[in-house]
Amino acid sequence: MSKLSYEDKINLYKNRKSGMTLKTLELKYGIREERIEYLVRLIDKHGFDILRKNKNKYYSPYQKEQIINRVLNENEGVISVAIDEGLSSSGILSNWIKKYKENGYNIVERKRGRSPTMKVTKKKKNETKDETIKRLEEENLYLKAELEYSKKLRAVVQARKNRQQKKK
């Protein structure tokens, strides 16, 4: 589905109200008939101002639960509730309901933004000169042992390769 600009949505609404068929509008704007019907009903209910809303409106967990309960407990239709609440598509509400059921009928807020890739290490405070030297010596000893180990491992692997080549 292509994204429509504010002007496209207004033109689509006016064309539909002037009598253009859904199939013609679907071909002209490149969106499904269901989406056109939803958009027309949304504008009928809330007016053109509903199109100017910010894309990422925040709904608190309490608001989400109230909206979801209208569908699950009061047996209202997903599309009619989505239009009443002014959601930009009925798929948003469908996703909320799906996640609500998956999480054991609990609203779980998803974290926004990218997770940090590097872990922050805490610096040791007020380390004395002797402590620093000792820590660095231990680290140096560990790295030397690791280097020796990798050298021996490489030698063993190389010896195995040589034996296999001789057998052939």
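The values are calculated or read from the model by the stated rules, or taken from the named source; none is laboratory data. Model, not experiment: these values are computed from the prediction. In this analysis, Cβ positions are derived from the backbone assuming ideal geometry, glycine residues included, and neighbour counts consider all displayed protein chains.
Tabulated data for the structure shown
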quantity	calculated
Within the stretch 62-101, considering residues that are β-branched (Val, Ile, Thr) and either farther than 19 Å from Leu39 by Cα or in the same structural domain as Gly47 (by TED's automatic domain parsing) (or both), the one nearest to the chain's Cα centre (by Cα)	Ile97
Tally, over the stretch 1-28, of residues that are small (Gly, Ala, Ser) and at pLDDT 90 or above	2
Helices (runs of 4 or more DSSP H) completely within the stretch 1-52 that count 3 or more residues being over 20 Å from Ile79 (Cβ atoms)	6-17, 22-29
Residue that is surrounded by the fewest Cβ atoms within 10 Å (Cβ to Cβ) [pool: residues in the stretch 24-54 that are out of contact with any helix residue (DSSP H, G or I) (no Cβ under 9 Å at 6 or more places or on another chain) and free of Cβ contacts under 8 Å to residues at least 12 places away in the same chain]	Asn54
Count - residues of the stretch 53-83 that are in a loop (DSSP other than H, G, I, E, B) and not small (Gly, Ala, Ser)	11
